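Since the structure comes first, as structure tokens, the remarks are kept for the end.
Computed from the coordinates by the stated procedures, all read-outs in this text should not be read as laboratory data. Not measured: the values here are computed from a predicted model. FYI the Cβ positions are ideal-geometry reconstructions off the backbone, even for glycines, and counts take in every protein chain you see.
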Amino acid sequence: MLVVGGGVIGCEYACMFAALGIRVTLLEGRERLLTFLDPQVSQTLTRCMIEMGVDVRFKESVAAVRSTPEELTATLASGGKVQTDTILVTAGRSGNTDKLNLPAAGLEAGKRGVIEVNAHYQTRVPHIYAAGDVVGFPALAATSMEQARVAMVHAFDLKYKTRVAPILPYGIYTIPECSMAGETEESLTKKARPFIAGIAYYHSNARGQIIGAQHGFLKLLFDLENMQLLGVHVIGEQATELVHTGLMALQAGATAELFIETCFNYPTLGELYKYATYDALGRRAKLRGESLAPFHEDGKTADGAPDGDASAV
């Protein structure tokens, strides 16, 4: 199988078919997969996919395809060729609006079939609402359901849910799973907001060792001054479940103190939150030239991984 496009759908299907024993080649026009993810998460996912047998090729696209009864031959922009049984094109989604005769309702769709809506998911025709893929990003099942609830509450004046949460989780069902909520290192750097990162690895976590997790980590981003949680990034088993703990903390405006004071069941992956927080506090102390005693032992971070440089901007 040749998968054209290394976005969410392309990566998910590449992983699924590779796990089923299909030889998969994945083409991505950019320099890395899933550019909205934390770069370390993206790099780890790429490495895991390659280890699964996926042939990942960056800055590459299809120029032409020749079909014979036996196979398909894709000629790449670089001049190379890929012989394959089938091609899956995952080069972006378009809202399924072209057959709705929108002009008859006084509406029109923009690029990729997207319909413009307000905060209530109401179109410019007041009695017509739109939600989900037809209104564009983030176009996820979870967010789409929330959008539809807000739309219907407004339409029927139900005095219930008036907005979609300002912080949304993103779940990518690759192998391993990836998930995130809140800010990224890149977004914080762009905003010139000083931050500190803390990481806890699955292979140093008791539950992670029990399930044999060779890859995976939880990364937390905190404000450098007040240690308010700003971002949560996870790759590994149950990442799309694990992210919700951080999501709730983000919604509440919690600081590192929440994770330090909380007692997590043992052995669980949830403990990663405590040790990622210890790691962030240790890196912050090191950055400030303070004592590392509460956070470090024998030159290792609190989760047992080798100490690294402070991730502060």
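Below are the figures for this structure:
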item	result
Interatomic Cα distance distribution for segment 75-212, bins of 10 angstrom, percent	9, 24, 25, 24, 14, 3, 0
Peptide ranges 246-252, 155-161, 206-212, 134-140 listed from the most packed, as the mean C-beta count within 10 angstrom indicates	246-252, 134-140, 206-212, 155-161
Considering only segment 1-88, percent of DSSP beta bridges that pair antiparallel, nearest 5	50
Using θ = phi - 60° and Karplus 6.51 cos²θ - 1.76 cosθ + 1.60, couplings along segment 260-274 (whole Hz; Gly, Pro as x)	5, 7, 6, 9, 9, 4, 10, x, 9, 6, x, 4, 4, 4, 5
³J(HN,Hα), Karplus 6.51/-1.76/1.60, whole Hz, each residue of segment 124-137, x for Gly, Pro	5, 8, x, 8, 10, 10, 9, 8, x, 4, 6, 10, x, 3
For segment 2-89, alpha-carbon Rg over 2.2 N^0.38 Å	1.06
Built amide H within the under 5 Å cut-off of D55, gap 5+	V24, T25, L26
Extension gain from Y266 to N96, taking 0.36 nm per residue of separation minus the Cα-Cα distance	56.5 nm
Amide H partners (placed H, <5 Å) of E116, local residues excluded	G110
Cut-off 13 Å between beta-carbons: net charge of the residues surrounding P166, Lys and Arg +1, Asp and Glu -1	-1
Cα-derived Rg over Rh, computed across the chain with Rh taken as Kirkwood radius	1.03
Distribution of pairwise C-alpha distances over segment 106-155, 5 Å bins, in %	5, 25, 33, 24, 12, 1
Estimated vicinal HN-Hα couplings, Hz - segment 93-110 in sequence order (Karplus 6.51, -1.76, 1.60; Gly, Pro = x)	9, 10, x, 7, 10, 5, 9, 8, 6, 4, x, 5, 9, x, 10, 8, 9, x
Likely footprinting exposure, E237, E31, fewest C-beta neighbours within 10 Å first	E31, E237
Estimated distance in nm for a label pair at I211 and K190, the labels positioned 7 Å out from Cα along Cα-to-Cβ	3.1
